[in-house]
1. In segment 1-100, which strands (runs of 3 or more DSSP E) lie fully inside it and hold 2 or more residues that are modelled with pLDDT under 85 and of a type in the set (Val, Ile, Thr)?
2. Which pairs do you get when a residue that is within 12 Å of Gly52 (Cα to Cα) and without any contact (Cβ under 8 Å) to a residue 12 or more places away in the chain, found in segment 29-41, comes within reach of a residue that is in a loop (DSSP other than H, G, I, E, B) and not polar (S, T, N, Q), reach meaning Cβ atoms under 7 angstrom, with the pair 6+ apart or on two chains?
3. Is it true that Val43 is farther than 16 Å from Ile113 by Cβ, loosely packed, with under 15 Cβ neighbours inside 10 Å and not acidic (Asp, Glu)?
4. Return the total of residues in segment 58-78 being more than 13 Å from Pro117 (Cβ to Cβ) and in contact with a strand residue (DSSP E or B) (Cβ under 8 Å, 6 or more places away or on another chain).
5. Residue check, Tyr146 against (1) at pLDDT 70 or above; (2) farther than 18 Å from Glu32 by Cβ, all met but one. Which one?
Amino acid sequence: MNSGHFIPNSSTNNLLVDLPEGKYYSTLVYSELNEPLSYPRDVKHIRDFYIGTSFKDKFARTFAVLDSFELKESIEKKVNFKRAYSMVTLDFTDLRDLSEIKKIIVKPIMAPIRWSPFNPNLEIIIPKSEDNVIEFVQHFTSIKRYHSINL
C-alpha cells in the first residue's frame, strides 16, 4: 500500500505516478473539508481501507474513484470521480411560521457511515462525540429553507 496527496491546480492537472509492472487496485480521493478526512493511517490489508468525514463538517465534499489495472507499459488513464458520501437536505418548515425559532441543533443517532470500497460490510466503531453536532442559527422568518449538507 502506498499513499500520498497533492493540491489540484493548473500545474497539477495531470498526476504522474511511477509504478513497477504489475496488477494494481487504486483508489483516488478528492476532498474539500474543514475537518480532517477520516481514514486508517496503517492499512495492513485492502479490506481494512475506508474514508469518511465528520458529521459536523456540514459542507464537506468527498469524491472517489475505485479502479484496477494491469501495468505492462507506460499508460495514460482518465478517471471519473463519484460521490463517496450521502447528501442530506434539511428543510425547516412550519405551518404557522418559524419566527420563534432561534437555533436548531441536529445530532446524529449513529456513528457516521464510512465508504469502504473493498469491503462493503466493514463495521467501523467510531465513538460518538458530544461536539459532533450541527447548529443552525439564523433569521428563520426570512430564510425558510437551508442548503444541503453532506454527511
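The values are calculated or read from the model by the stated rules, or taken from the named source; none is laboratory data. All values reported here derive from a predicted model rather than from experimental measurement. Glycine also receives a Cβ, built like all others from the backbone with ideal geometry; neighbour counts cover every protein chain displayed.
1. Because the criterion is at least 2 residues that are modelled with pLDDT under 85 and of a type in the set (Val, Ile, Thr), the strands (runs of 3 or more DSSP E) in segment 1-100 that meet it are 87-89.
2. From residues that are within 12 Å of Gly52 (Cα to Cα) and without any contact (Cβ under 8 Å) to a residue 12 or more places away in the chain, the pairs are Pro40/Phe49; Pro40/Tyr50.
3. yes
4. Within segment 58-78, residues that are more than 13 Å from Pro117 (Cβ to Cβ) and in contact with a strand residue (DSSP E or B) (Cβ under 8 Å, 6 or more places away or on another chain) number 9.
5. For Tyr146, the exception is condition (1).
Yes/no matrix, rows are residues, columns are (1) surrounded by fewer than 11 Cβ atoms within 10 Å (Cβ to Cβ); (2) closer than 18 Å to Ser31 by Cβ:
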| residue | (1), (2) |
| --- | --- |
| Thr62 | no, yes |
| Ser68 | yes, no |
| Leu71 | no, no |
| Lys78 | yes, no |
| Phe92 | no, no |
| Leu95 | yes, no |
| Leu98 | no, no |
| Ile101 | no, no |
